[in-house]
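Quick one: the structure is below, questions incoming.
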Amino acid sequence: MIARILVALIVLLLLDDAYADASTPVVRAVESIGVTVNDMERAVTFYTDVLGFERESETEVAGEPHERLYGVFGMRLRIVRLRLGEERVELMQFLAPRGRPTPVDSKSNDRWFQHMALIVSDIDRAYAHLREHRVEHASSGPQVLPSWNPHAGGIAAFYFRDPDGNPLEILQFPRGKGAARWQRKDALFLGVDHTAIVVADTDASVRFYRDALGMQIAGASENYGPEQERLNNVFGARLRITALRAAHGPGVELLEYLAPRTGRPMPPDSQANDDWHWQVNVSADVAAADTVGRERRFHYVSPGPVDAQLMVRDPDGHALLLR
């Protein structure tokens, strides 16, 4: 009898430990957003002179550990780190080997689509500023989402592209929506609120980002109508939008197109040097992430942790670098 009680106590203790581990998020913060570019000087000039980023640092990496981390043999990668407000972006140029170009017919509902939302204090001034610098439109113009939508009503947004064709968004929150700091008026470009990714199945993505990695759902909405169609430049667009956040840093916004469901999947042989590659760089418990990843059969880019870093892909192929 005593032996059985001891065994039961041990099982309870093990279960308590398991629950304690499960309650500790694997991801501590979204540390930065990685964007692939082909011409670093041109990209840095655009992000600093046009969008108001400040240059923080530059590094160049090569060698076997980095090849294994990124899954690209013979690679040499140049990284320039930029800051806008409290958020950071890493521009990445693969000096070798060059990857494949983004398909010229890419649309906002293709599942390799990823953008980041730059918050502005005045969207009309920001749009005029972008027009002065001859940016490429991805929307027909700024759109104000309708008031009938309780979660998104009053938000003004516009999609455009950087010189390498990467989609970006400027966004202005009305009072009462978004973080209080997005109501500042001391600068035109204030910071990065989130990166948005197209997913095929929100529930599957939530199981990855929330249940496995420990991020939390911060909001959800269903957006449709002519304003949303023109913003995304997708006729008939109806989106299920779910925002997730870690304790710190930009959010990750899931975009599931309920209609039209014609978006193409991420190419299964995508590599980190392909032009459509973005990555979310997160501060994480890498050992715990590896354990969870093997239990849940994550798509690994790295063979396992490399110098306390690990690259994996979410259910739709979007990359995360845990470090």
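Derivation of every value follows stated rules applied to the coordinates shown; laboratory data play no part. Only a predicted model underlies this, so the values are computations on that prediction, with no experimental measurement involved. In this analysis, Cβ positions are derived from the backbone assuming ideal geometry, glycine residues included, and neighbour counts consider all displayed protein chains.
Just to confirm my numbers, what's the Cα centroid distance between the range 72-135 and the range 164-201 in Å?
The two parts, judged by their Cα centres, are 14 Å apart.
Cα convex hull of the range 213-323: mean projected area in nm², to one decimal?
If I average the Cα hull's projected area over directions, I get 8.1 nm².
Here is a further query. Beyond 39 Å, how much of the Cα-Cα pair distribution for the chain remains, as a whole percent?
Distances greater than 39 Å cover 14 percent of the Cα pairs.
Give me, ordered by chain and number, the residues 5 or more places off His194 or on other chains with an amide H under 5 Å from its own placed amide H.
The list, which skips near neighbours in sequence, is Ala117, Gly251.
Within 10 Å of each residue's Cβ, count the other Cβ atoms and sort Met40, Met215 from fewest upward.
Met40, Met215
By how many nm would the segment from Asn38 to Phe73 lengthen if fully extended, with 0.36 nm per residue of separation less the alpha-carbon distance?
Separation in residues times 0.36 nm, less the Cα-Cα distance, equals 10.8 nm.
Suppose a student asked you for the relative contact order of the chain, using Cα pairs under 8 Å spaced at least 6 residues apart; what percent would you report?
Relative contact order of the chain: 23 percent.
At q = 0.15, 0.22, 0.24 Å⁻¹, what log₁₀ I(q)/I(0) does a Debye calculation on the Cα points of the range 185-256 give, no solvent, two decimals?
Computed log10 I(q)/I(0) values: -0.57, -0.98, -1.06.
Using helices alone, what [θ] at 222 nm do you get for the chain, with -39,500 (n - 2.57) per DSSP H run of 4 or more residues, divided over all residues and rounded to the nearest 500?
-6000 deg cm²/dmol
Rounded to the nearest 0.05, what FRET efficiency do Lys177 and Phe235 have when you use their Cβ-Cβ distance and R0 = 45 Å?
Calculated transfer efficiency: 0.95.
Out of residues 5 or more away from Ala220 or on other chains, whose amide H comes under 5 Å of its own, with H placed 1.01 Å from N in the peptide plane?
Amide H neighbours of Ala220: Ala243.
Now for a separate question. Among Val80, Val234, rank each residue by its count of other Cβ atoms within 10 Å, from fewest to most, as a rough exposure measure.
The most exposed by this proxy come first: Val234, Val80.
By counting other Cβ atoms within 10 Å of each Cβ, how are Ser32, Ser302 ranked from fewest to most?
Ser302, Ser32
For the range 47-170, list log₁₀ I(q)/I(0) at each q in 0.13, 0.14, 0.16 Å⁻¹, using the Debye formula over Cα point scatterers of equal strength and ignoring solvent, two decimals each.
Taking Cα atoms of the range 47-170 as identical point scatterers yields -0.68, -0.78, -0.96.
Next up: Please compute the length gained on full extension between Val61 and Arg261, using 0.36 nm multiplied by the number of residues separating them and subtracting their Cα-Cα distance.
Extra length available between Val61 and Arg261 comes to 68.1 nm.
Whole-Hz ³J(HN,Hα) for each residue in the range 125-133, computed from phi via Karplus 6.51 cos²θ - 1.76 cosθ + 1.60 with θ = phi - 60°, x for glycine and proline: what do you get?
Using θ = phi - 60°, the values come out as 5, 5, 5, 4, 4, 5, 5, 4, 9 Hz.
Write down Rg/Rh for the range 123-169, rounded to two decimals, with Rg from the C-alpha atoms and Rh from the Kirkwood relation over Cα pairs.
1.04
Name the residue farthest towards the positive end of the dipole of the range 28-322 from the options Pro267, Trp278, Leu171, assuming +1 on Cβ of Lys and Arg, -1 on Cβ of Asp and Glu, about the Cα centre.
Leu171
Right, next: With θ set to phi - 60°, apply the Karplus curve 6.51 cos²θ - 1.76 cosθ + 1.60 along the range 189-196 and write out the HN-Hα couplings as whole Hz, x wherever there is a Gly or Pro.
Karplus-based 3J(HN,Hα) across the range 189-196 equals 9, 9, x, 10, 7, 6, 10, 10 Hz.
So, one more: Quick one: if you stick a label point 7 Å off each Cα along the C-beta vector at Asp201 and Tyr224, how many nm between them?
Simple spin-label model gives 2.2 nm for this pair.
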